[in-house]
Amino acid sequence: MLPPIPALADYGISPDHGFLPPEPPIDVLPDPYYARWEWIVSNIQALLISRRIREAVDHMPMLSVSYLQDDSEWRRAYVVLVFMLHGYVWGGSRPAEKIPPQLTVPLFDVCDHLGLPPVATYAGWFYLVSVAIEARGAPSIPLVLQAIAAARAGNSLVVTECLQGLAEVIDEVGSLLERMYEHCDPYVFYHRIRPYLAGSKNMADAGLPHGLLYDTGRGEAEYRQYGGGSNAQSSLIQFFDIALGIEHRPTGETTRPGGTAGDEQKEGVIGAPRHGFIQEMRSYMPAAHRRFLEHVSAVANLREYVEARRSDKALCIAYDACLSMLRVMRDKHIQIVSRYIIIQSRDARPGRRATSPKRPPQQQMAQPTNLATARYGDKADPKKLRGTGGTALIPFLKQARDETGEPAIDAWARRLLSNGPSESSFAALSKVGENHDGNLQVQHKQTTSYHYYFHIPSRTPTSTSFHEHNIKPTKMSNENSSTLKSYLDQATGAAQRAIGSLTGDASTQNQGEATHQQGKAENEASHTTAKLGPVTADPSTGATATDHPKRTDGSWDQTVGAAKESLGNLVGNESLRRAGQEQNAAGKQQEAEGQLKDWGEGVKGRVEGGVGKVAAAVTGDEAQEQRAKEVHDTGKVRQRGAEADIERRA
């Protein structure tokens, strides 16, 4: 008997908010008993700059967690304590190896309650783009569960529709990821933010050869090692992988011992544990999310369902579109890592000139030992760089990206996602911006900017907050997707409304409502197309697409057939009536085939255009980037036009 499909409510997951909590996080623990904790975290920036964070924590009293009430307070306590932990470890000239009891004991208690390790994780981050991605991805969760149920029932039509919707969501999530370029200088991120996100695992070069000693005050402390914050800890991204049947092997392993990827997994049976980094990162997720992913793994059947129905082109195209969108997203992630970590790591070597024009005079001072100043040998080697989670950064990211395309079904998708030779006019993702040895090469031409929003909610004016810095979404050019801007505006507006409500600031609350409504209007506009005869146009981009001839011919046959049928009924001519019925039915079938072809070509155009933009952005080829944009926009309007006709006929 197959296990039941998971119910979202059983795991605290919402079809509207996804893995996000239903309410905005509180900005301060309400019980004054915790005032000392709040004072330290609200002044953490000043304490780090003056290198007095350790002194403040060392003189902190031992506080009990018994006064924490609901989940929002436990989550707030977790954020406060892990911020103090990472500040304490990395806030000096050398990392602090031993954590005092007044921090260790309450941190362990809070983490035990939440089912999290005692280290900063993705679940405790407050980055605007990450929150927007999680919010936008939320509708994909019920979509996937509906698809799994439909696959069990053998309903390919519903599975196809769900996969089409999932591809749309992943595409827009990937587009939101590009907003991370806004308003953050790469030097600032690499030297002033990233070092504090590092964990204690595989950090010997950064000054922690054995990990951390968590002193509980109850006997001899022992070393522990934990990875730091990583996007691999996102429950949403791992959910995409599980839903699509993507297998991630341990870094460096090219094939599964004794068989191919996926040949051991069957619906209703949890596969053998895989000890790769991505699987390990599930232990850094909230316990309920971890259990949900385990449940989904036990019922996931979409890959096997599609592979068994290769003749169903609509189904295969929809599945391959999901893989394509997810792989493009991972390639965009590598671009971000290249600009903000690889290039900066080269500049950090002695004698190298900075790419940032804002390098401060303090750079001439003795540098602290941390992830930014870690040395991996005299010669820079991107393959040796460590991520904040402790993994080998570039090999891990490239392998995860390449594995995403392995389950592709149709020939066009296999070609698009393959690692082998391809046509000269086609840029395979695995070759974009990479040398023959696999090392990434990124031009210093910046086509977009980075927004890295770091929020420690607090009552004091020294904290970083949304309202104090008046952060607003940057106006996007016409070259950017209005769809992704609409979702970011909706997320921004929701955040502004929440903060205005919490602080009692009516202007912020009103501004948030206006931004949210603007986002909803933008979303509606992004899905609007205009139809003139067989031509569909997108008013926002100017792109046009002509219907497949089968759609036009099919529509005409339906019109003529309906007229014959009506005339046959009117004059009592049964032969004419039957001929009209047959012509009408044939026309509907022909139009449906044309709509399907246009939808598939539209998806293919959006994917190939997205890939082309990635390649052109990396190489700095503006003309090619514009051509790729036109392919993407034409594909989008072709897909939207087909969808609009399908909905009208439904």
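The values are calculated or read from the model by the stated rules, or taken from the named source; none is laboratory data. Just so you know, these numbers come straight off a predicted model, no measurement behind them. Glycine gets a Cβ as well: all are built from the backbone with ideal geometry, and neighbour counts include every protein chain shown. Accessible surface areas use protein heavy atoms only, side chains included; no ligands, DNA or RNA. Shrake-Rupley method; radii C 1.70, N 1.55, O 1.52, S 1.80 Å.
Annotations
- Taken as a whole, region 24-44 holds at least one residue that is modelled with pLDDT of 95 or more and basic (Lys, Arg).
- Test: residue in region 522-538 that is at pLDDT below 75, closer than 30 Å to residue 172 by Cβ, crowded, with 16+ Cβ neighbours inside 10 Å and hydroxyl-bearing (Ser, Thr, Tyr): yes
- Hits in region 24-76 (condition: among the aromatic types (Phe, Trp, Tyr) and in a loop (DSSP other than H, G, I, E, B)): 67
- Index of the failed condition, residue 95 passing every other in (1) closer than 16 Å to residue 216 by Cα; (2) touching a Leu at 6+ places or on another chain (Cβ under 8 Å); (3) assigned to a loop (DSSP other than H, G, I, E, B): (1)
- In this entry, residue 179 is excluded by the filter for residues that are basic (Lys, Arg), open to solvent by 20 Å² or more (accessible area, probe 1.4 Å) and not in a strand (DSSP E or B).
- Hey, residue 229 open to solvent by less than 30 Å² (accessible area, probe 1.4 Å) and either under 30 Å from residue 109 (Cα atoms) or in a loop (DSSP other than H, G, I, E, B) (or both) or not: yes
- When the criteria are applied in full, residue 181 fails the requirement of being among the aromatic types (Phe, Trp, Tyr) and out of contact with any strand residue (DSSP E or B) (no Cβ under 9 Å at 6 or more places or on another chain).
- Tally of residues being of a type in the set (A, V, I, L, M), loosely packed, with under 14 Cβ neighbours inside 10 Å and more than 23 Å from residue 192 (Cα to Cα) across region 26-63: 2
Results for (1) outside the structural domain of residue 202 (by the TED database); (2) touching a residue at least 24 places away in the same chain (Cβ under 8 Å); (3) among the hydrophobic types (A, V, I, L, M, F, W, C), shown as yes or no for each residue.
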| site | (1), (2), (3) |
| --- | --- |
| 57 | yes, yes, yes |
| 70 | yes, no, no |
| 78 | yes, yes, no |
| 81 | yes, yes, yes |
| 100 | yes, yes, no |
| 103 | yes, yes, yes |
| 132 | no, yes, yes |
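- Residue tally, condition of a type in the set (A, V, I, L, M, F, W, C) and either surrounded by 15 or more Cβ atoms within 10 Å (Cβ to Cβ) or outside any helix (DSSP H, G or I) (or both), over region 561-596: 6
- Region 192-206, residues that are more than 24 Å from the chain's Cα centre (by Cα) and either crowded, with 22+ Cβ neighbours inside 10 Å or among the aliphatic types (A, V, I, L, M) (or both): 200, 203, 204, 206
- Pair list, Cβ < 9 Å and 6+ apart or interchain, from region 167-192 residues that are free of Cβ contacts under 8 Å to residues at least 60 places away in the same chain to residues that are open to solvent by 20 Å² or more (accessible area, probe 1.4 Å) and not aromatic (Phe, Trp, Tyr): 169/136; 169/139; 169/143
- The residue of region 312-326 that is nearest to residue 612 (Cα to Cα), among those that are more than 20 Å from the chain's Cα centre (by Cα) and open to solvent by less than 10 Å² (accessible area, probe 1.4 Å), is 316.
- When region 273-326 is filtered for residues that are of a type in the set (A, V, I, L, M, F, W, C) and out of contact with any helix residue (DSSP H, G or I) (no Cβ under 9 Å at 6 or more places or on another chain), the ones remaining, listed by number, are 298, 308.
- Identity of the residue in region 597-629, modelled with pLDDT of 80 or more and among the basic types (Lys, Arg), that ends up surrounded by the fewest Cβ atoms within 10 Å (Cβ to Cβ): 627
- In the set 156, 140, 66, only one residue is assigned by the TED database to the domain that holds residue 309, surrounded by fewer than 21 Cβ atoms within 10 Å (Cβ to Cβ) and at pLDDT 95 or above; that residue is 156.
- The residue of region 232-251 that is nearest to residue 14 (Cα to Cα), among those that are open to solvent by 20 Å² or more (accessible area, probe 1.4 Å) and not aliphatic (A, V, I, L, M), is 245.
- Meets criteria (under 26 Å from residue 210 (Cα atoms) and not hydrophobic (A, V, I, L, M, F, W, C)) for residue 50: no
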